[in-house]
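Here the structure is laid out as structure tokens; the discussion comes afterwards.
The values are calculated or read from the model by the stated rules, or taken from the named source; none is laboratory data. Note that the structure is predicted; figures quoted are calculated from it, not measured. FYI the Cβ positions are ideal-geometry reconstructions off the backbone, even for glycines, and counts take in every protein chain you see.
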Amino acid sequence: MSLFTRRDFGRAVLAGAAVASTSRPFLQAQENCAPPAGTPVDFVIPTAAQNIIRKSVAELTTSEIARLRLAYQRLRDLTTSDPDDPRGWLQQAHVHCWMCGGSGGDIHGSWTFLPWHRAYLYFHERILCKLLNDNSFRLPYWSWDDSNYRSLPTIYRPAQVGTAANSLYDGNRSTDAVAGKSMPGSIFPALQNPMNSANFEAFGGGSDGGGSLEFGPHGAIHMWAGAPQSPYPDMGNLSLAARDPLFYAHHCNIDRLWAEFVRRNPAAHANPSDPDFLTRSFQFFDENKQLVTIRVQDVLDPVPLGFSYRPGAKLSTKKQPKWTRLKYDSVTHLVQLPAPVAAIARQRSVVVKNVQLPMTSGSYNVFVGDPPAAGADQFRAPNYLGYIGIIVGEHHHDQKCSLVLNATDAFLQSAGGAGALLTFAPTGTTNGEPLNFSAAYLTEE
Ligand code: C2O
């Protein structure tokens, strides 16, 4: 029987960073989520750890893939041969479970999110090194920041490799992930790039709320990868997520993006210096089954711990989108584009501010010019820009909102002439009304 209370990544993503850890349901007490007992010793930063660069999953060589599979096979074997060994695969997964609302508290939804997971991966990696008897092993990262790698990495997919089980396989994944489909672009909205966060708090969280990385792509990718049925195993449920080897590659990328965020602007993006942050401690079992107390300040610099990342990340190559205010005539409702439109870069959106919402609840489509003829597929119309969904009970007289719409070719090509007329139409009708708003912008990334 399942005692899981779902740790709902999806809701957190939708609600954004406003979700504080304290407002989320705690996992019910569960035997397996209790931290194993032990007498901890204080962590000592290794004096001679070899600084080895963690690579992306995509750049592993054939022998490195074999080594990764062997590492997880030995981790799984340990759970079979000695279920109580704290280093085994399932016990490792329980470490995550007990720190996500189990008896160990909750390190999600606040500034402990990044350092706790860094320490977790560090000990996990040391355990894998020990099982391999190879201290040069490093965890790979799943580089989903690069749009070329937004599907489940192939080495994690098949259940079998040749005649042997694939230790990187997990049966509890979404059909889209298993089919090798790409993540929806909605996980990476052009205007909500966590790498553009102004400071650590916005990026990685503060003392009482999570940041844009955690509640943006981190959570959305967990939900995307997990099986769709309740309780959303494995990746889609925090108490189960670390049972999927993919979890460690996902979090390795989170960790890398943190390092990159700091590297890009060491002053503005500095880690918090608050003593409450620096001295916050956590416990993990090391590769010798010794319980160790490690503090946030011990993990802020990865190099002494023996790993680092090459500079650069795809999400970080772009700065804030460039905003261009468009001329808008509130009498004719026409929006004018700057010429030449052909030179505008790929990621383009139209942002309209203070849109006067239609007076009734329902869904409205937004078009450049008139809606398509009756019976046509509105979503596929070349002049379709986006929609407004007004939920029953949400609408008041005079309510306004801002909309981010696709900058379609139809929109861009309307420049130079009389300008573009943005209209909205109740779903399925051909009656377009001009959209009334205060200002329009074109954004480019
Ligand atoms: Cu501890 Cu991705 O969550």
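Quick check on the range 76-107: of everything there that is over 26 Å from the mean Cα position of the chain (by Cα) and assigned to a helix (DSSP H, G or I), which residue is farthest from the ligand (Cβ to nearest atom)? If we take residues in the range 76-107 being over 26 Å from the mean Cα position of the chain (by Cα) and assigned to a helix (DSSP H, G or I), then 81 is farthest from the ligand (Cβ to nearest atom).
Summed over the range 195-228, the residues that are free of Cβ contacts under 8 Å to residues at least 60 places away in the same chain and either closer than 21 Å to residue 276 by Cα or outside the structural domain of residue 106 (by TED's automatic domain parsing) (or both) give a count of 0. Would the range 29-46 turn up any residue that is in contact with a Leu (Cβ under 8 Å, 6 or more places away or on another chain), at pLDDT 75 or above and under 30 Å from residue 197 (Cβ atoms)? Yes; the residues of the range 29-46 include at least one that is in contact with a Leu (Cβ under 8 Å, 6 or more places away or on another chain), at pLDDT 75 or above and under 30 Å from residue 197 (Cβ atoms). Evaluate the following for residue 317: is it farther than 21 Å from residue 384 by Cα and modelled with pLDDT under 90? So residue 317 passes the test.
It is to be established whether one or more residues within the range 113-127 are over 24 Å from the mean Cα position of the chain (by Cα) and closer than 23 Å to residue 287 by Cα. Yes - at least one qualifying residue is present in the range 113-127.
Put simply, of 244, 208, 255 the only residue that is over 17 Å from residue 171 (Cα atoms) and either at pLDDT 95 or above or within 11 Å of the ligand (Cβ to nearest atom) (or both) is 255.
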